[in-house]
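Novice: The structure is given below, and queries will be raised subsequently.
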Amino acid sequence: MSLEPRSRWRPALAGGVAMLAGLVAGCSGATGNGTPAADRSSGQVSHWVDGATVESVAKTLHVQVPAAATDAKAAHWEGLQDDGLIMAFVLPTDEVDTFVAQLKPEQPLSLREQPLTRNTNPSTPFSHLGLPEPDLLAGVREGQVCAPCEDNLNWLKVAVAQVDDRTSRVYLRGVD
């Protein structure tokens, strides 16, 4: 048996391996300078939507922000397949239960006494709004509002954390 036929395939095989390596490097999600694909300034796949307002996010979440709400903030994360929506506001604590009841949660909110011990890294972090993550707070009431929800809203969750002896912050997170 001659080694001649194998030696003819070696350059083609080496070229194929080089091409495959180039494709893998090109699809790795990073530019030549190591910037992740989600952080690129142009051609981003996922990004925070400029101009998202409390009103626009509330409409997509099918939520009416109470008149007594203060410090209302919202953001919209446009994803590749689904969009993430976050909204938070402060209410007088004695008005929180009325607001939550209007959401018609699937079950009563449960009380979580301690911060979650697992590492949480939500795709739509409240830190984008300058707020602490409700998962990392103690004494939070939380629960699922709907899944599936109206229209294109896939799910909606609520969390309530006491701010002081008179007010509480309501956190809403949904996926559209």
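The values are calculated or read from the model by the stated rules, or taken from the named source; none is laboratory data. Owing to the predicted nature of the structure, the values given are computational and were not obtained by experimental measurement. All Cβ positions, even for glycine, are placed from backbone atoms using ideal geometry, and neighbour counts span all protein chains on display. Areas reflect the complete protein model, heavy atoms only, side chains present, ligands, DNA and RNA absent. Shrake-Rupley method; radii C 1.70, N 1.55, O 1.52, S 1.80 Å.
Novice: Output the direction-averaged projected area (hull surface divided by four) of the convex hull of the alpha-carbon atoms of region 60-134, in nm².
Specialist: About 6.4 nm², averaged over all directions.
Novice: While we're on this one: Calculate, axis by axis, the spread of Cα positions in region 116-161 along the three principal axes, and write the results as whole Å, longest axis first.
Specialist: 31, 22, 19
Novice: Tell me which GluC sites (Glu not before Pro) from region 81-157 have a DSSP coil assignment and no more than 15 other beta carbons within 10 Å of their own.
Specialist: E106, E113, E150
Novice: List the trypsin sites (Lys or Arg not before Pro) in region 85-176 that DSSP assigns to loop (not H, G, I, E or B) and whose Cβ has at most 14 other Cβ atoms within 10 Å. Which are they?
Specialist: Those that pass, being in a loop and sparsely packed, are R118, R166.
Novice: Looking only at region 96-113, which residues have a backbone nitrogen under 18 Å from a spot 7 Å from the Cα of A147 in the C-beta direction?
Specialist: What the label zone holds, given the 18 Å backbone N cut-off, is 103-112.
Novice: Okay, moving on. Going from most exposed to least, what order do S56, S46 have by accessible area with a 1.4 Å probe?
Specialist: Sorted by accessible area, descending: S56, S46.
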